[in-house]
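Notes to accompany the following structure.
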Amino acid sequence: MRRMAMLLRFSVLLQLAVLAVFSATALGAQEPTTQDPNALETATRAQSAYERGIELRRTDPAASMQAFRESARDWQRLADSGASNGPLHFNLGNAYMQSGDLGRAIANYLRAERTMPDDPDLVKNLAVARSSVQHSFARGGGTLLVESVARWWHIVPLWVRQAAAWSAWCVFWAVLLLQFLAPKLVGGTSARNSARKLVLSISLGVWCVVGGTLFADQVIAAARPQGVLVAADVQLRKGNGDGFDPAFAEALGPGVEFSIREERPGWWRIELPDGRTGWIKDSQGERT
Amino acid sequence: MRSSLNRVRKWLMCVACLACALCVAPTAAAGDVRFQMPEGDVYAGVPFVLTIRVVDASDRQPPKLPEIAGATARVSIPETRSSSMIRNGRRVDTYTTRYEVEITPDKAGRLEIPPISIVVDGTEYKSQSTYVDVKKGEAGLVFDAEVFGTPPEVYIGQPLELVLRIGIKPFRDPTYGTLNESQMWHFVDLPNSEWGIFGAGLQRLAQEGREMPRAQTEQRNGTAWYVYEISRTIWPPKSGKPDLGNILLRMKYPVGLREVDGFFSSQLVVSGSRPLAATATVNPLTVLSLPSEGKPDGFTGAVGQFSMTATAKPLSVAVGDPISLTLTVIDRTPSGANLDTLQPPDLAANAGLKKDFRIPNEPLSGTASTSRKTFVQSIRPLRADITAIPAIPFSYFDPAAREYRTVTSDPIPITVTPASQMDLSRIERANGGESTETAGPTTHLTEVEAGLMANKPVTPRLLADERLRLSTATIAALAVPPVAVGAAALWRLNRSRHERDSGLARRSRARRTAQRRLEEAADAAGVARAVAGFVEDRLGRAEGTMTRGDLHTALTAHGVPDAERTAVTGLLADCDRAVYAAGGATGAKGGELLTALRSRAAQVLDSLDHVAWSRSRGAAA
């Protein structure tokens, strides 16, 4: 009889845990929110255009380029309608890359990197895109510090971190709730008390650490918005106007990554990876 | 009198029915398919549109167009729109697909449009046969368009400057004079015209914030015309006639002006207009194929005038390590070459480079800027005795000189050291150990770094928004668990207090217990027991031990106000009187008395429950 009661309690606990994990996963994974009623059709068309571009690449470069542009336009339409996820930005980056728009390609690969940082295809394509950038800079200063600190948690995909944080949150409060509503279920013996304390400590720890990384992502993104140059021959200036002298003698090409230090109407003060700064028009860059 | 009224009523009914029929007539509805016939005048050479709307169809096929004698017809790409409305508290979505059948009459006269059929959800719907009166078109007299190209003869890939010239005869009103070029341009129907390859030129105008293209005045047969020019450069990809797309311009030419009084001043408005359409005539243009004579082996299709530079990094590597070779092709063509389609030099076909370096076979996409295109390729030296990356040739066809030319980059000196990695399998064999090889030598694969990995497949995830947002649901999910736990903790705390203090539980239940006793009281003594029991429960005294005097003393000691004390003692005295009065507890009169006592007791209990009972004075008492 006692064994039956223990089994019953164990099964209730297990069901609660499973419920917590499933509800956490459901909260982490968002429902489709695109405003385009023909979104799937648009995505299929974009994919077909891309494949056509690949087919024509060796035989008819002009038609191939046109197909890649069509693909990029359709993927972009999908992104503009509210969709935002790793595979979409990856495909959009590919289409821009093939149509020669290096800056927007890198911008979209970086957006994809946020949700699927460990994707090997993305890592390779981003490396290929970055190797095509004409100007490279030694990273240093605050950029390097932030990147090196944030890198360790970006190993874990965003959706995994979201699901882990929600699971830990639900488990922590569920155990606390049981402690008050059914104290004998999670206490009474020293073994159960120890198990309860362990579960509470672990879930609180996981929630603090993983939730902290999610919070830190938001804070970093808000404090140091990133961007990529999308225009060619961008002349960095010493102030927010065409009348200011150039900050550097050389103009920069598309694909150069930067962080936005200050924003004024129509202009951004950007910081290059090596810490040097200058002003560009906001139309010359794209925020990632 | 009555018959005449009935007759008038019947007439009114007939008129109403006729009006309804006339309103419905232009829209022939057939189930979920609606055919909408054109409205207004129809002119020769000017297309008009017949609209087919398909509502909420799961399967539909494009409409089948019959042969229309004296006109050409085509169906536009269908457009699907959705709309939502709340009906009886439920959301109802409607999807409407709209087909436009554009019909262009060739000449004036009566035009018959045979039935047009469309199959929707397996059912065929047909429009009714219709006749349209086509008026004579006047486009060429006041409105025309033509396309010029410079030079008129170009090679494949050579820039061709195209100019679309739109001529409009200015409208002259006998009273208000002649409209200027800006006013006349506004009558051009920009969104409904077909601009062919000049659509991009119009977009550029819009981006630059210009209202109209460059305009000038030209004399034609002694009359001044406004001529608007939109230019575009193309690089024809194939020989023959260049593909300019369909260029069909439409305008609403004014037929009169009138003055309208505004708030501050009067202004001129168009009193009427007639539609015009003009198909652009294209002056002879020829695209020549590139000559086959003298075509270099490494020619990749570049047409124009170019130079090329090459850089590499790092310049000192070990055998097999990658070197990033950057080739920059600089465009020196006077009118600009098409850098978007410019292909890189064929490095794989370069024998000098191939014998010393491993070169990926993947084609490069390159990055184009204003006047240059950069290609980056990763190459790996094969041996340690290599001292330089050889000169790289780049061939192009120069249309000005009408011959092929080749430019070469300078050789780049490099230092290659032997590879630092050792072959572990050889070391094991030398030591007599077992080789890890199972069957013959392993194949060494060199990964190609250039080239992109394939797209991700199209799945529903592609439509999701995975950005982290603090939505209402998220806030609720964060807030609900702590609130629930807080409520549970309070409940547990309260329960523990009751378990620890039995008197507390009795005090807490005193009002409920007294109420129950009152309801169960069968006589005045029961009412008195309910009130006395309430005080005993509140003070933790044993049940049935307090007399009326004790009650008064205890209530005084616990600071109960005089009014409540008096009410209690008065009620108890009345209860005693009722108990001991002869025949007081029987009959209808006794029932009324009991009800009155119950009512008073309930009020007394309420007032006692709401006053504050002091503890210290009670303890002293």
Quick check: anything in the range A:205-225 out of contact with any His (no Cβ under 6 Å at 6 or more places or on another chain) and within 17 Å of A:ALA105 (Cα to Cα)?
no
Residues of the range B:54-68 being surrounded by 10 or more Cβ atoms within 10 Å (Cβ to Cβ) and under 30 Å from B:ARG110 (Cβ atoms), which ones?
B:VAL54, B:PRO62, B:PRO63, B:LYS64, B:LEU65, B:PRO66, B:ILE68
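State whether the residues of the range B:480-496 include one that is under 23 Å from B:HIS610 (Cβ atoms) and not β-branched (Val, Ile, Thr).
The answer is yes; a qualifying residue exists.
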Specify which of the listed residues (B:THR223, B:THR217, B:THR233) is open to solvent by 80 Å² or more (accessible area, probe 1.4 Å) and of a type in the set (Val, Ile, Thr).
B:THR217
So, of the residues in the range A:263-288 that are part of a strand (DSSP E or B) and open to solvent by 60 Å² or more (accessible area, probe 1.4 Å), which turns out to be farthest from A:ARG104 (Cα to Cα)?
A:ARG264
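Quick grid of which residues meet (1) under 33 Å from the mean Cα position of the chain (by Cα); (2) within 14 Å of chain A (Cβ to nearest Cβ); (3) in a strand (DSSP E or B):
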| site | (1), (2), (3) |
| --- | --- |
| B:ILE52 | yes, no, yes |
| B:GLU67 | no, no, no |
| B:ILE86 | yes, no, yes |
| B:TYR95 | yes, yes, yes |
| B:GLU112 | no, no, yes |
| B:GLY137 | no, no, no |
| B:ASP144 | no, no, yes |
| B:GLN158 | no, yes, no |
| B:LEU162 | no, no, yes |
Would you mind stating whether B:GLY533 is under 22 Å from B:SER614 (Cα atoms), assigned to a helix (DSSP H, G or I), small (Gly, Ala, Ser) and at pLDDT 85 or above?
yes
Among the residues of the range A:43-53, what is the count of those that are facing chain B (nearest Cβ under 9 Å) and either open to solvent by less than 40 Å² (accessible area, probe 1.4 Å) or among the small types (Gly, Ala, Ser) (or both)?
4
Top-ranked residue in the range B:100-124 [being more than 13 Å from B:ILE68 (Cβ to Cβ) and touching a Ser or Thr at 6+ places or on another chain (Cβ under 7 Å); ranked as surrounded by the most Cβ atoms within 10 Å (Cβ to Cβ)]:
B:GLU100
Within the range A:157-169, can you find the residues that are outside any helix (DSSP H, G or I) and modelled with pLDDT of 80 or more?
none
Tally up the residues in the range B:344-362 that are in contact (Cβ under 8 Å) with a residue 40 or more places away in the chain and either within 14 Å of another protein chain (Cβ to nearest Cβ) or aromatic (Phe, Trp, Tyr) (or both), please.
6
A:TYR96: more than 9 Å from chain B (Cβ to nearest Cβ), open to solvent by less than 10 Å² (accessible area, probe 1.4 Å), in a helix (DSSP H, G or I) and under 18 Å from A:GLN47 (Cα atoms), yes or no?
no
Using beta carbons and a limit of 6 Å, which pairs, at least six apart or on different chains, have the first residue in the range B:304-321 and hydroxyl-bearing (Ser, Thr, Tyr) and the second one open to solvent by 70 Å² or more (accessible area, probe 1.4 Å) and part of a strand (DSSP E or B)?
B:SER316/B:THR415
Could you list, ordered by first residue, the pairs with Cβ atoms under 6 Å in which the first is in the range A:244-257 and more than 14 Å from chain B (Cβ to nearest Cβ) and the second is assigned to a loop (DSSP other than H, G, I, E, B), at least 6 apart or interchain?
A:PHE244/A:LYS238; A:ASP245/A:LYS238; A:PRO246/A:GLN235; A:ALA247/A:LEU236; A:ALA247/A:LYS238; A:PHE248/A:LEU236
Out of B:THR341, B:THR370, B:THR326, sole residue that is farther than 20 Å from B:THR233 by Cβ, of a type in the set (Ser, Thr, Tyr) and within 14 Å of chain A (Cβ to nearest Cβ):
B:THR326
The range A:54-73, residues that are more than 7 Å from chain B (Cβ to nearest Cβ), open to solvent by 10 Å² or more (accessible area, probe 1.4 Å) and assigned to a helix (DSSP H, G or I):
A:ILE54, A:GLU55, A:LEU56, A:ALA63, A:GLN66, A:ARG69, A:GLU70, A:ARG73
Only residues that are open to solvent by 40 Å² or more (accessible area, probe 1.4 Å) and assigned to a strand (DSSP E or B): list them for the range B:295-314, please.
B:THR309, B:THR311, B:LYS313
Being at pLDDT 90 or above and aliphatic (A, V, I, L, M) is the filter here, so list the residues in the range B:504-517 that pass it.
B:ALA514
Out of B:ARG87, B:ARG98, B:ARG91, B:ARG60, I need the residue that is without any contact (Cβ under 8 Å) to a residue 24 or more places away in the chain, farther than 30 Å from B:LYS136 by Cβ and touching a strand residue (DSSP E or B) at 6+ places or on another chain (Cβ under 7 Å). Which one?
B:ARG91
Hey, among the residues in the range A:196-234 that are within 12 Å of chain B (Cβ to nearest Cβ) and polar (S, T, N, Q), which one's surrounded by the most Cβ atoms within 10 Å (Cβ to Cβ)?
A:SER203
I'd like the full set of residues that are in a loop (DSSP other than H, G, I, E, B) and open to solvent by 30 Å² or more (accessible area, probe 1.4 Å), limited to the range B:271-294.
B:ASN283, B:PRO284, B:SER289, B:LEU290, B:PRO291, B:SER292, B:GLU293, B:GLY294
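Is it true that B:MET212 is assigned to a helix (DSSP H, G or I) and of a type in the set (A, V, I, L, M)?
For B:MET212, the condition - assigned to a helix (DSSP H, G or I) and of a type in the set (A, V, I, L, M) - is not met.
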Hits in the range B:536-579 - residues which are open to solvent by less than 10 Å² (accessible area, probe 1.4 Å) and in a loop (DSSP other than H, G, I, E, B)
B:VAL560
Residues in the range A:157-166: is at least one more than 13 Å from chain B (Cβ to nearest Cβ), of a type in the set (Gly, Ala, Ser) and open to solvent by 50 Å² or more (accessible area, probe 1.4 Å)?
no
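The values are calculated or read from the model by the stated rules, or taken from the named source; none is laboratory data. Remember, it's a predicted structure, so these values are computed and weren't measured experimentally. Cβ sites come from the backbone with ideal geometry, for glycine too, and all protein chains shown count toward neighbours. The accessibility values were calculated without ligands, DNA or RNA, using every heavy atom of the protein model including side chains. Shrake-Rupley method; radii C 1.70, N 1.55, O 1.52, S 1.80 Å.
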